[in-house]
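Trainee: Here it is, the structure in full.
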Amino acid sequence: MTSSPAAAQHLRDLARLRRVRDRIDREYARPLDVEALARGVNMSAGHLSRQFRLAYGESPYAYLMTRRIERAMALLRRGDLSVTDVCFAVGCASLGTFSTRFTELVGVPPSTYRARTAPATAEMPPCLAKQVTRPIRNREAQVRKPQLA
């Protein structure tokens, strides 16, 4: 069975996109930008962004910020770090950007999240707490229409 050159190229591109996603997962706390990620897989930044969005439904930057916010949520649930410490621990350089993005993804500011969830998840196994408190993007949240009785 032979595959066409286009199909073979598509598989190679998917493998490169997986490498980019894996790098983001590993190095989320380091300064990463789309240009550096693209250089790492020999793609242009524009091509990487387009292909990543097609494959994963979001841009590389949005994926990176989601990983950072997920990790920040875990650190805030522990309750032993300040919001500022968490911001810098997950690789964000600006507390304002971090707070804004956190609020967009989670629905509450980081300080409110910490105050609410640290006691609520204290006795919960970390793997379950992560699943229960995972951020949901606005476009992913299901909107329920009112039911007429």
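Trainee: Return the total of residues in segment 20-40 being assigned to a helix (DSSP H, G or I) and either among the acidic types (Asp, Glu) or surrounded by 12 or more Cβ atoms within 10 Å (Cβ to Cβ) (or both). Explain how you work it out, then say what you get.
Mentor: Taking segment 20-40 as the starting set, the residues that turn out to be assigned to a helix (DSSP H, G or I) are 20-27, 34-40.
When the remaining residues are screened for being either among the acidic types (Asp, Glu) or surrounded by 12 or more Cβ atoms within 10 Å (Cβ to Cβ) (or both), the result is 20-25, 27, 34-40.
Total satisfying the criteria: 14.
Trainee: Based on what the data block shows, is residue 49 surrounded by fewer than 17 Cβ atoms within 10 Å (Cβ to Cβ) and not aliphatic (A, V, I, L, M)? Reasoning before the result, please.
Mentor: Values: surrounded by fewer than 17 Cβ atoms within 10 Å (Cβ to Cβ): no; not aliphatic (A, V, I, L, M): yes.
No.
Trainee: To continue, here is another question. Which of the helices (runs of 4 or more DSSP H) contained wholly in segment 63-149 include at least 3 residues that are at pLDDT below 65 and not small (Gly, Ala, Ser)?
Mentor: On the way: elements: 83-89, 95-106, 110-120, 126-132.
Where helices (runs of 4 or more DSSP H) fall fully within segment 63-149 and carry at least 3 residues being at pLDDT below 65 and not small (Gly, Ala, Ser), they are 126-132.
Trainee: I need every pair where a residue in segment 50-66 that is closer than 16 Å to residue 28 by Cα has its Cβ under 9 Å from the Cβ of a residue that is part of a loop (DSSP other than H, G, I, E, B) and β-branched (Val, Ile, Thr), sequence separation at least 6 or different chains.
Mentor: Within 9 Å, no pair qualifies.
Trainee: Could you list, in sequence order, all residues of segment 27-37 that are small (Gly, Ala, Ser) and free of Cβ contacts under 8 Å to residues at least 12 places away in the same chain?
Mentor: Passing the criteria: only 36.
Trainee: From the residues in segment 41-62 that are part of a helix (DSSP H, G or I) and of a type in the set (D, E, K, R), which one is nearest to residue 23 (Cα to Cα)?
Mentor: Residues of segment 41-62 that are part of a helix (DSSP H, G or I), as a first pass: 45-56, 60-62.
With the extra rule that they be of a type in the set (D, E, K, R), the set shrinks to 50, 53.
Numbers: 50: 18, 53: 16 Å.
The selected residue is 53.
Trainee: Looking at residue 102 and the list (1) within 14 Å of the chain's Cα centre (by Cα); (2) within 14 Å of residue 28 (Cα to Cα); (3) crowded, with 21+ Cβ neighbours inside 10 Å, which single condition is not satisfied?
Mentor: The single condition residue 102 does not satisfy is (2).
Trainee: Another one. State yes or no: is residue 44 at pLDDT 90 or above, surrounded by 12 or more Cβ atoms within 10 Å (Cβ to Cβ) and closer than 21 Å to residue 105 by Cα? Full working, then the answer.
Mentor: Details: at pLDDT 90 or above: yes; surrounded by 12 or more Cβ atoms within 10 Å (Cβ to Cβ): yes; closer than 21 Å to residue 105 by Cα: no.
So residue 44 fails the test.
The values are calculated or read from the model by the stated rules, or taken from the named source; none is laboratory data. Since the model is a prediction, treat every value here as computed from it, not as a measurement. A quick note on method: Cβ atoms are made from the backbone with ideal geometry, for glycine too, and the neighbour counts reach across all protein chains shown.
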